[in-house]
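Notes follow the structure.
The values are calculated or read from the model by the stated rules, or taken from the named source; none is laboratory data. All values reported here derive from a predicted model rather than from experimental measurement. Counting neighbours? That spans all protein chains shown, and the Cβs are built from the backbone with ideal geometry, glycine included. Keep in mind that these areas ignore ligands, DNA and RNA; they rest on the heavy atoms of the full protein, side chains included. Shrake-Rupley method; radii C 1.70, N 1.55, O 1.52, S 1.80 Å.
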Amino acid sequence: MNPFWLFIIGVAQAILLLLLAPVYSGFTRVMRAKMHSRQGPPVMQNYRDIRKLMTRQEVVSEQAGWIFRVTPYVHLACMFLAAMIIPLLTTASPLEAAGDLILIIYLFALPRFFFAVAGLESGSTLSGIGARRELLISALVEPILLLVIFVMALLTGTTNLGSISTEVTSGGFRFSLAYLLGLTAFAFAAYIEMGKLPFDLGEAEQEVQEGPLAEYSGRSLAILKWSIYLKQMVLVALFLALFIPFGAMTSFSLPGLLLAILVFLLKAVLWYFVASLLENAMARTRFMNAPAMVWIALGMAVLSFIFYLANV
């Protein structure tokens with residue numbers, strides 16, 4: 001496929017995810033309300049919240065420095081770039097030179113680092129607690145993601161996202177136990193990264209008033225919330241691109257593009273629906289119980305690597 005059209009598709013899919021992210025997050029809020037026998041907010045409520053926050057005055061702590069101020073923009077920029085790289089609408093990575101799995105992990109790690117430091121820099125006790133929990137989630141989840149990515153790279157012989165997606169789509173890829181266990185472990189890690197119960201420790205709304213977000217207001221808070229919605233969509237897109245890329249274009253055509261968008265939207269709705277069911281079927285856990293639960297996903301990731309070595 002022409003590199004120019006790939007770049008255009010990358011920008012288009014990033015904008016698409018950015019625009020749709022609040023809708024899908026709103027869908028989960030509606031699901032939660034229905035499962036709790038409440039009316040709940042309208043599905044478009046997140047757009048209204050973002051628009052309202054954009055017009056509000058920003059109040060910045062006296063202790064806050066430049067990291068606190070740039071964090072919302074770094075977070076949004078990293079997620080937007082990740083959305084451009086992932087082979088979402090086409091099996092080839094829109095940014096072929098940058099379409100590497102290791103880079104994607106760094107694009108998730110960088111905003112988390114800024115987010116945690118911003119929470120500490122604000123001088124707020126609640127933000128500091130939230131920052132510590134954010135770093136805990138990072139320490140728990142990133143080894144799982146890295147190990148599963150390593151297994152997928154071994155199975156396909158490359159760390160390039162487009163090449164992996166093409167291998168799985170073309171049928172030349174062998175669907176082994178290593179692949180299935182890696183899929184399950186990655187889905188578990190993505191669920192945690194999306195901040196779903198009982199792992200929403202970074203924000204912890206009921207306990208520490210949204211953790212690192214506590215000192216943000218106005219436009220900065222709006223951008224952060226929007227980037228968090230986008231991060232959830234990017235995680236879903238990455239999971240689908242790696243493990244269920246079926247429906248993406250192999251060559252550019254307008255009907256193929258429209259079909260790829262439709263298939264992705266349907267797969268994303270299914271993911272959010274299942275995640276909402278799981279989230280609302282369990283209670284919130286204590287902070288110190290989270291690592292014990294993550295061992296399950298880490299065990300599946302390790303088994304995935306063992307089965308690869310055993311060629312099973």
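Assorted remarks:
- For first residues located in the range 106-121 and closer than 19 Å to Leu145 by Cβ and without any contact (Cβ under 8 Å) to a residue 40 or more places away in the chain, partners that are of a type in the set (Val, Ile, Thr) and surrounded by 20 or more Cβ atoms within 10 Å (Cβ to Cβ) and lie 6+ apart or on another chain with Cβ distances below 9 Å form the pairs Leu107/Ile85; Leu107/Val234; Arg112/Ile137.
- Residue-level analysis places Gly26 outside the set of residues that are out of contact with any Phe, Trp or Tyr (no Cβ under 6 Å at 6 or more places or on another chain), without any contact (Cβ under 8 Å) to a residue 40 or more places away in the chain, open to solvent by less than 40 Å² (accessible area, probe 1.4 Å) and more than 22 Å from Val263 (Cβ to Cβ).
- Test: residue in the range 66-80 that is farther than 19 Å from Lys267 by Cβ and in contact with a Gly (Cβ under 8 Å, 6 or more places away or on another chain): no
- Within the range 282-310, residues that are modelled with pLDDT of 70 or more have Cβ atoms under 7 Å from residues that are open to solvent by 70 Å² or more (accessible area, probe 1.4 Å) in these pairs: Phe307/Leu177, counting only partners at least 6 apart in sequence or on another chain.
- Every condition in (1) part of a loop (DSSP other than H, G, I, E, B); (2) open to solvent by less than 30 Å² (accessible area, probe 1.4 Å) is met by Pro41 except one, and the failing one is (2).
- Pair list, Cβ under 7 Å, 6 or more apart: the range 29-53 residue within 14 Å of Ala275 (Cα to Cα), other residue among the aliphatic types (A, V, I, L, M): Val30/Val43
- Some residue of the range 181-200 being aliphatic (A, V, I, L, M), modelled with pLDDT under 75 and within 16 Å of Leu135 (Cα to Cα): no
- With respect to being modelled with pLDDT of 80 or more, out of contact with any strand residue (DSSP E or B) (no Cβ under 6 Å at 6 or more places or on another chain) and closer than 25 Å to Val74 by Cβ, Gly218 fits the description.
- Residue within the range 60-82 that is over 30 Å from Ile104 (Cα atoms), among the hydrophobic types (A, V, I, L, M, F, W, C) and assigned to a helix (DSSP H, G or I) present: no
- Scanning the range 122-159 for residues that are outside any helix (DSSP H, G or I) and modelled with pLDDT of 75 or more turns up Gly157, Thr158, Thr159.
- Enumeration of residues in the range 79-101 that are without any contact (Cβ under 8 Å) to a residue 40 or more places away in the chain and open to solvent by less than 50 Å² (accessible area, probe 1.4 Å): Ala98
- Count of the range 231-258 residues, restricted to those that are closer than 24 Å to Leu103 by Cβ and in a helix (DSSP H, G or I), is 13.
This table checks each residue for (1) out of contact with any Ser or Thr (no Cβ under 9 Å at 6 or more places or on another chain); (2) hydrophobic (A, V, I, L, M, F, W, C).
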| site | (1), (2) |
| --- | --- |
| Ala116 | no, yes |
| Gly123 | no, no |
| Arg132 | yes, no |
| Leu135 | yes, yes |
| Ala139 | yes, yes |
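- Single unsatisfied condition, Trp5 versus (1) farther than 21 Å from Thr169 by Cα; (2) more than 20 Å from the chain's Cα centre (by Cα); (3) part of a helix (DSSP H, G or I): (1)
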